[in-house]
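These notes are about the structure you will find just below.
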Amino acid sequence: METASLDLNLLRTFLAVYRSGSFTGAARLLGLSQPTVTAQMRALERQTGRELFERLPRGVTPTLVADELAARIAAPLDELATVAGPAPAAGTRAEPVHLAGPAELLCTTVLPALAPLVAEGVRLRVSTGLTDPLLDELRAGRHDLVIATTRPRGRTLHAVPLTDEEFVLVAAPVWAERLTGPRRERGTEEEEEGGAQGGEPAAEDADERRPRPAIRGRRREPEADGRAARDTDARPIGRGPATDGPAVPGTEAEGFAVVEPEGVEPTGAGVRGPRSEGGRGRAVPGFAEGPLEPAALHGVPLITYAEDLPIARRYWRHVFGRRLTRTAAVTVPDLRGVLAAVVAGAGFGVLPRYLCREPLESGALVALLEPEDPPINTGFLVQRPGASDNPDVARVRTFLLRAARTW
């Protein structure tokens with residue numbers, strides 16, 4: 001599409017409509033009336049000979065032509081607005097930086113990291129919420145920066161990876177002891193039965209009684225063409241490359257083999273001590289003897305963020321390779337509330353490690369499982385393309401990207 005002959009004012013109005021998602025929102029941003037914005041968009045569509053927006057009952061949605069046009073003009077128009085805008089008077093303070101994102105990450109990690117900038121005079125206006133509404137508000141000009149849990153689609157926003165959050169399956173020690181108690185009792189009964197029979201084990205039982213070699217989270221699955229089974233990483237079937245190594249009897253159905261992660265030293269029969277680095281906390285005593293099966297958690301209340309179990313469902317798919325089919329005992333739309341309930345012994349939950357690092361290290365929480373390939377979610381720092389006329393926006397952005405390297 002040729003843009004050289006298009007009216008600059010019409011392009012500015014177009015970009016405001018594109019970012020706000022409605023003629024009314026664009027009129028509010030530009031200080032124009034809604035009929036004026038509508039008339040300008042009709043004029044621009046006549047000039048281009050293409051439809052730019054599909055009218056909806058509430059707002060508009062851009063066409064592919066509009067996506068292409070916005071990608072071409074957004075950065076130049078933003079740069080022009082910065083150059084042509086009024087210069088701040090000498091000695092005046094910069095406007096506040098409007099920052100938005102998940103409440104838990106902002107309150108526990110981001111705001112403490114930005115404390116030095118605030119001490120230097122940077123002002124912040126912080127909003128919390130879910131990613132999709134916050135990105136819509138960013139397009140409409142209500143925020144300067146948004147920390148998003150997903151990468152925004154399209155080319156109207158600029159996103160860079162900020163931090164990775166790892167999810168951990170956790171419970172209070174009281175539940176950990178209940179979960180491991182029956183396993184220990186069964187093991188003791190089997191040992192007593194074997195001793196009562198006396199003599200050497202039968203040949204068919206020898207392999208089962210022989211200590212199993214520890215492997216690093218591998219299991220076997222058949223090749224697609226029916227050839228001999230191969231070892232794969234301990235992930236849902238189909239994840240990860242094939243690797244060489246011995247098979248371990250019994251791991252095909254159980255999913256995970258006995259693993260001693262790096263940094264963990266055995267502290268007794270089937271007990272794992274705390275990791276020496278990384279704030280990983282301690283694993284459940286007894287689970288080092290074998291894998292944690294999801295069925296073991298059937299009678300434990302699930303504490304989660306929302307009714308549709310978004311974080312827990314993802315954990316189950318990624319780690320156990322199966323769907324999570326149960327309802328929550330408690331839902332709290334704030335992960336800090338989930339953490340408080342789990343620490344208090346209400347049940348188990350799946351939480352980001354940054355949020356539960358301290359209770360894991362203190363022993364107030366127990367990591368029920370430490371998979372080799374834990375679920376990871378990447379957070380993105382998002383802004384509108386082009387330079388902001390507020391210099392503190394760039395300061396906050398640069399400071400966050402630097403600080404996030406240590407999170």
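The values are calculated or read from the model by the stated rules, or taken from the named source; none is laboratory data. Every value quoted in this text rests on a predicted model; they were computed, and no experiment measured them. Counting neighbours? That spans all protein chains shown, and the Cβs are built from the backbone with ideal geometry, glycine included. Accessible surface areas use protein heavy atoms only, side chains included; no ligands, DNA or RNA. Shrake-Rupley method; radii C 1.70, N 1.55, O 1.52, S 1.80 Å.
Quick rundown of the values:
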item	result
Hey, residue 394 among the small types (Gly, Ala, Ser), outside any loop (DSSP other than H, G, I, E, B) and free of Cβ contacts under 8 Å to residues at least 12 places away in the same chain or not	yes
Looking only at the stretch 133-143, and only at residues there that are surrounded by 20 or more Cβ atoms within 10 Å (Cβ to Cβ) and touching a helix residue (DSSP H, G or I) at 6+ places or on another chain (Cβ under 9 Å), the one that is farthest from residue 15 (Cα to Cα)	143
Close pairs (7 angstrom Cβ cut-off, 6 or more residues apart or separate chains): surrounded by 16 or more Cβ atoms within 10 Å (Cβ to Cβ) in the stretch 112-132, basic (Lys, Arg) anywhere	117/395; 122/395
Some residue of the stretch 14-21 being modelled with pLDDT of 85 or more and open to solvent by 20 Å² or more (accessible area, probe 1.4 Å)	no
Filter result for residue 108 (modelled with pLDDT of 90 or more, touching a Lys or Arg at 6+ places or on another chain (Cβ under 8 Å) and either loosely packed, with under 11 Cβ neighbours inside 10 Å or not in a loop (DSSP other than H, G, I, E, B) (or both))	yes
Residue selected from the stretch 347-394 under the condition open to solvent by 50 Å² or more (accessible area, probe 1.4 Å) and of a type in the set (Asp, Glu), by the criterion nearest to residue 153 (Cα to Cα)	389
Where residue 148 falls short, out of the listed (1) open to solvent by less than 30 Å² (accessible area, probe 1.4 Å); (2) without any contact (Cβ under 8 Å) to a residue 40 or more places away in the chain; (3) hydrophobic (A, V, I, L, M, F, W, C)	(2)
Total residues in the stretch 114-149, condition of a type in the set (Gly, Ala, Ser) and under 15 Å from residue 97 (Cα atoms)	5
Count of the stretch 307-346 residues which are assigned to a loop (DSSP other than H, G, I, E, B), surrounded by 14 or more Cβ atoms within 10 Å (Cβ to Cβ), small (Gly, Ala, Ser) and at negative phi	3
